[in-house]
Amino acid sequence: MSKNFTFKLHGTDGKARCGQIDTPRGEIRTPAFMPVGTAATVKAMMPGSVRATGADILLGNTYHLMLRPTAERIDRLGGLHRFMNWDRPILTDSGGFQVMSLAELRKMSEKGVTFKSHIDGSKHELTPERSMEIQRLLGSDIVMCFDECPALPADRKRINESMQLSMRWAARSRDAFGDRPGHALFGIQQGGLEEDMREESAKALRGIGFEGYAVGGLAVGEGQEAMFGVLDYAPGQLPEDKPRYLMGVGKPDDIVGAVERGIDMFDCVLPSRSGRTGQAFTRRGVVNIKNARHMDDPRPLDEACSCPCCTQYSRAYLHHVFKSHEIISSMLVTWHNLHYYQELMAGLRAAIAASELAAFVKQFHATRALGDIEPL
């Protein structure tokens, strides 16, 4: 394994790319989907099960971990990898998005953000320097700059002020991160839906220099059409020889469209959160297993799926355990959803490598358009 953080492109198909990130803790095949382990766990999953779905990397949450159990405690216990029994790469977000969403509980300044904990009301301060310190204590392999992410829609003045502040915070994050071989710091492009501001942000980030670059400030209420409009140009504003990460995305068709536009990395709570509410992602779209139509159905969620949920359990059983509020219901459908997402990423990688992405995407949409199988 590489002793440093490196990124290699293996192939392209149009704007889409497939490649590999090498880290001391293992490789990350791209395009990659990162399951979200907010509080040092992917909900309803064991770490080995997450790995079995094909995940190369997980995402942890700086905001939640700094409040409970605290980064200092995790550090004393050997770091986040040991703490949660995951020996492969971990990316941690900066905490900025969660803090900004607190609205009435926070106060922002040039220095950073002060806020009250949603858990017990205690007061905390998060700055670029403190965010870098927390992520260092956690032992993150990929660290995200501290930034501000305004909700959309917003006027140009608000977006510009936010972007400029984020770029100043990016420079401070880079300084505070220091020299950490084998670990990477990613910059985050901001600028809302404004192409000129996106370019200005990208230029500032390129001037600072990062191991990877994220497209931030999307999936915050603007809708898929507007998001794709930004992705038509934003990835091309970032360095071609570095990984590009679209934060907080998303639904399967969001991911496919973003890969077509040059994105390499994704994260989203959707597959695990939906798994806990009985929403299953299949090749033919979303299935609500709690619907009565599944009560007597002996067929699997997805006959083409090789996950334990689909190979060992029927729709009727899944319907029963959800209606009975059994814990296994969340476990099985979350496993299926994460497996589906990783299978989608593997299919995208293979299609790009073979220069067959257009055919893959056409089949993806055609199958989803069929809708779920007919009731028995």
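The values are calculated or read from the model by the stated rules, or taken from the named source; none is laboratory data. Source: prediction; values computed, not measured. Note: ideal-geometry Cβ built from the backbone for every residue, glycine included; neighbour counts use all protein chains shown.
Residues in the stretch 1-28 that are of a type in the set (Lys, Arg) and either closer than 18 Å to HIS81 by Cα or crowded, with 18+ Cβ neighbours inside 10 Å (or both): LYS3, ARG17, ARG25. Exactly one residue among LEU344, LEU338 is surrounded by 16 or more Cβ atoms within 10 Å (Cβ to Cβ), in contact with a Gly (Cβ under 8 Å, 6 or more places away or on another chain) and either in a helix (DSSP H, G or I) or not basic (Lys, Arg) (or both), and that residue is LEU338.
If you check LEU137 against the conditions, is it assigned by TED's automatic domain parsing to the domain that holds GLY221, in a helix (DSSP H, G or I) and among the hydrophobic types (A, V, I, L, M, F, W, C)? The answer is yes for LEU137. Looking across the stretch 54-82 at every residue that is of a type in the set (Val, Ile, Thr) and crowded, with 23+ Cβ neighbours inside 10 Å, the one that is farthest from LEU338 (Cα to Cα) is identified as ILE74. Scanning the stretch 48-61 for residues that are under 12 Å from ALA32 (Cα atoms) and not hydrophobic (A, V, I, L, M, F, W, C), which turns out nearest to the chain's Cα centre (by Cα)? Result: ASP56.
Within the stretch 113-135, the set of residues being modelled with pLDDT of 90 or more and surrounded by 19 or more Cβ atoms within 10 Å (Cβ to Cβ) comprises VAL113, LEU126, THR127, PRO128, ARG130, SER131, MET132, ILE134, GLN135.
Screening ARG88 with (1) closer than 30 Å to HIS336 by Cα; (2) in a helix (DSSP H, G or I) gives one miss only, at (2). Residues considered: VAL259, VAL269, VAL220, VAL287. Of these, the only one that is touching a helix residue (DSSP H, G or I) at 6+ places or on another chain (Cβ under 6 Å), touching a residue at least 60 places away in the same chain (Cβ under 8 Å) and not hydroxyl-bearing (Ser, Thr, Tyr) is VAL259. When PHE115, PHE97, PHE83 are screened for being under 19 Å from GLY217 (Cα atoms) and either of a type in the set (Phe, Trp, Tyr) or outside the structural domain of PHE186 (by TED's automatic domain parsing) (or both), only PHE97 passes.
Looking across the stretch 140-175, just one residue is more than 16 Å from GLU195 (Cα to Cα), aliphatic (A, V, I, L, M) and assigned to a loop (DSSP other than H, G, I, E, B), and that is ALA151. The sole residue among MET45, MET34 that is within 30 Å of GLU125 (Cβ to Cβ) and either under 16 Å from the mean Cα position of the chain (by Cα) or assigned by TED's automatic domain parsing to the domain that holds ASP254 (or both) is MET34. When LYS8 is tested against (1) in contact (Cβ under 8 Å) with a residue 40 or more places away in the chain; (2) in contact with a Gly (Cβ under 6 Å, 6 or more places away or on another chain), only condition (1) is not met.
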